[in-house]
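Visitor: Below you will find the structure I want to go over with you.
The values are calculated or read from the model by the stated rules, or taken from the named source; none is laboratory data. Since the model is a prediction, treat every value here as computed from it, not as a measurement. Here the Cβ positions follow ideal geometry from the backbone for every residue, glycine too, while neighbour counts run over all protein chains shown.
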Amino acid sequence: MSERFAILAVAIAAALLIYALWKLWQRRRLRSLREVTKPVHLPPDVTAGKPTVLYFTTSDCAQCRYQQTPILTQLQARVDVAVHRLDAIEQQALAKVYGIMTVPTTVVLDPELRPVAINHGVTPLQKLHGQVAPTTQFANQ
Amino acid sequence: MKVDQTALKFNQASIILLLVLAFLLNAVWLVAFVAAVMVVGAVWPQAGLFKQLYARVLQPAGWLKPNVIDDDPKPHLFAQGLGGIFLVLSAAALWLGQPVVGWVLASVVIVLASINLFLGFCLGCFIYYQLGRIGIKPSLPSWQGGK
């Protein structure tokens with residue numbers, strides 16, 4: 001049984017290491033994306049001046065319809081943020097830029113359209129608010 | 001339709017805990033038991049043992065609080081069914097004297113349930129949506145209106 005405990009411990013350690021590496025890779029990717037002023041594939045109606053959320057979805061995404069869309073509506077009621085709904089299938093080039101792996105994915109951009117966060121999966125209101133609110137204050141200054 | 005996220009998370013946590021215990025104790029019967037619970041719960045949602053335990057004991061006792069949100073239960077049931085099939089194969093491999101194959105299959109379920117529980121990404125649901133995109137909508141009569 002001690003052998004099995006050891007295997008389990010190694011597996012948990014490996015999982016934690018993979019998770020840490022993934023978070024590190026995400027942070028580096030975000031940093032490199034921030035160096036690009038405006039991705040060429042960004043739709044023309046996405047303009048600088050206020051915080052923006054790029055909301056990647058698909059027409060048949062139930063989680064988007066039932067969960068993420070109402071959350072983004074609530075977010076817009078709380079803070080002055082532009083939400084752009086994008087079809088991840090139709091906007092493949094842009095989806096590739098931000099490394100979209102699933103829907104819903106929300107990309108939070110600051111007023112200069114630099115990415116602040118990329119959230120894979122359904123993102124709660126509090127988390128999105130926490131990502132958008134500091135950029136709103138920055139925009140008001 | 002509504003889905004109780006707490007019930008889903010309790011279901012995932014129970015699966016992870018019991019499968020880890022099964023591995024530590026080398027208990028093939030426990031893998032088979034979890035497989036049966038998952039398959040039965042996927043085919044007949046109201047009969048899911050962990051969901052029943054949550055709904056009849058943990059929630060009334062106030063130990064877990066419901067978090068009911070608008071969602072489609074079908075992708076979650078599909079994901080559970082997929083996990084159940086993996087565990088049936090795992091139990092079969094273990095019984096046939098193929099421990100490596102058996103535990104690798106079980107570990108796939110543990111890893112995916114953990115990713116769902118801790119990171120909120122459901123691979124089974126993702127596969128369900130991808131199948132939907134090519135016109136395949138897995139469904140059972142018992143899934144209509146089931147949680």
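Visitor: Inside the stretch A:1-60, can you point out the residues that are farther than 28 Å from residue B:129 by Cβ, of a type in the set (S, T, N, Q) and either surrounded by fewer than 12 Cβ atoms within 10 Å (Cβ to Cβ) or within 14 Å of another protein chain (Cβ to nearest Cβ) (or both)?
Guide: Scanning the stretch A:1-60 gives A:2, A:32, A:37.
Visitor: Looking at (1) loosely packed, with under 13 Cβ neighbours inside 10 Å; (2) closer than 27 Å to residue B:126 by Cβ; (3) of a type in the set (Lys, Arg), find the lone condition where residue A:127 falls short.
Guide: (1)
Visitor: Then there's this: Looking at residue B:93, is it in contact (Cβ under 8 Å) with a residue 40 or more places away in the chain and either farther than 21 Å from residue B:117 by Cβ or of a type in the set (A, V, I, L, M, F, W, C) (or both)? If you could, list the steps in order and put the result at the bottom.
Guide: Numbers: in contact (Cβ under 8 Å) with a residue 40 or more places away in the chain: no; either farther than 21 Å from residue B:117 by Cβ or of a type in the set (A, V, I, L, M, F, W, C) (or both): yes.
Answer is no for this residue.
Visitor: Being modelled with pLDDT of 95 or more and either outside any helix (DSSP H, G or I) or surrounded by 15 or more Cβ atoms within 10 Å (Cβ to Cβ) (or both): is that true of residue B:34 here?
Guide: Values: modelled with pLDDT of 95 or more: yes; either outside any helix (DSSP H, G or I) or surrounded by 15 or more Cβ atoms within 10 Å (Cβ to Cβ) (or both): yes.
In short, yes.
Visitor: Something else about it: Any residue in the stretch A:68-86 that is at pLDDT below 90 and on the phi < 0 side of the Ramachandran plot? Reasoning before the result, please.
Guide: Filtering the stretch A:68-86 for residues at pLDDT below 90 gives none.
No; the residues of the stretch A:68-86 include none that is at pLDDT below 90 and on the phi < 0 side of the Ramachandran plot.
Visitor: Let me spell it out: the conditions are (1) within 18 Å of residue A:98 (Cβ to Cβ); (2) not in a loop (DSSP other than H, G, I, E, B), and residue A:70 meets all of them except one. Which number is the exception?
Guide: (1)
Visitor: If I filter the stretch A:106-124 down to residues being in contact with a helix residue (DSSP H, G or I) (Cβ under 8 Å, 6 or more places away or on another chain) and under 15 Å from residue A:63 (Cβ atoms), which single residue comes out as nearest to the other protein chains (Cβ to nearest Cβ)?
Guide: Checked the stretch A:106-124; the qualifying residue nearest to the other protein chains (Cβ to nearest Cβ) is A:121.
Visitor: To continue, here is another question. Which one of the conditions (1) more than 11 Å from the chain's Cα centre (by Cα); (2) modelled with pLDDT of 95 or more does residue B:46 fail to meet, given that it meets all the rest?
Guide: (2)
Visitor: Only one of B:101, B:109 is assigned to a helix (DSSP H, G or I), over 18 Å from the mean Cα position of the chain (by Cα), within 21 Å of residue A:11 (Cβ to Cβ) and modelled with pLDDT of 95 or more. Can you tell me which? Reasoning before the result, please.
Guide: Details: B:109 fails: over 18 Å from the mean Cα position of the chain (by Cα).
After applying the criteria, what remains is B:101.
Visitor: Please count how many residues of the stretch A:32-60 are within 19 Å of residue A:96 (Cα to Cα), of a type outside the set (Lys, Arg) and out of contact with any His (no Cβ under 8 Å at 6 or more places or on another chain).
Guide: Residues meeting the conditions: 14.
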